[in-house]
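Okay, so here's the structure we're looking at.
The values are calculated or read from the model by the stated rules, or taken from the named source; none is laboratory data. None of these values were measured; they are calculated from a predicted model. Neighbour counts are summed over all protein chains in view; Cβ atoms, including those assigned to glycine, are modelled from backbone coordinates with ideal geometry. Note: accessible area is taken over every heavy atom of the protein model, side chains too, but ligands, DNA and RNA are not part of it. Shrake-Rupley method; radii C 1.70, N 1.55, O 1.52, S 1.80 Å.
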Amino acid sequence: MLGLIQRVSSASVEIDKQIHGQIDQGLLLLLGIQKTDSRENADKLLHKILNYRMFSDANGKMNLSLKDINGGLLVISQFTLAADTNKGLRPSFSSAAPRDQAEALYNYFLSSAKAQHSKVGNGIFAADMKVSLCNDGPVTFNLSC
């Protein structure tokens, strides 16, 4: 399971010209699901995201997690993260999970996130989404589990 997290001062997702999810300070997560992923991978990645220390403490050091600052988490499905870009000029998606598996794991991840954290927004799996963000720093990390 792949997660690209960006520290944001705000982020939102628009679907059919309507805001579907939005957060203030927190993390925007682009979530990619691969064929080999399971609920165990989802649980590990969620734990890592909620506890990853990427917010500044009083001394300006990245010592605080999303939980520590009670920040928002905006979760967006992003199958292109699973692309193999090593050959040629066109990505291969052979390692991406099939739609049914990916959607089930995305929904599991999202329900687990909402059960463990109070400020969670989301997009809609496989929808055409317009994502807006104000990257804070910028600070961006690529995580996998």
Residue hits (the stretch 61-79; at pLDDT 95 or above, of a type outside the set (D, E, K, R) and either open to solvent by 10 Å² or more (accessible area, probe 1.4 Å) or in a strand (DSSP E or B) (or both)) are MET62, ASN63, LEU64, ILE69, ASN70, GLY72, LEU73, LEU74, VAL75, ILE76, SER77, GLN78
Being within 21 Å of SER10 (Cβ to Cβ), outside any helix (DSSP H, G or I) and modelled with pLDDT of 95 or more: is that true of LYS130 here?
yes
Are there any pairs with C-beta distances below 9 angstrom linking a residue in the stretch 54-70 that is in contact (Cβ under 8 Å) with a residue 12 or more places away in the chain to a residue that is part of a helix (DSSP H, G or I) and surrounded by fewer than 16 Cβ atoms within 10 Å (Cβ to Cβ), with the two at least 6 apart or on different chains, and if so which?
PHE55/ASP68; PHE55/ILE69; SER65/ASN51; LEU66/ASN51; LYS67/ASN51; LYS67/GLN116; ASP68/ASN51
Which of the residues spanning the stretch 1-10 are under 20 Å from LEU81 (Cα atoms) and either in contact with a Cys (Cβ under 7 Å, 6 or more places away or on another chain) or at pLDDT below 95 (or both)?
MET1, VAL8
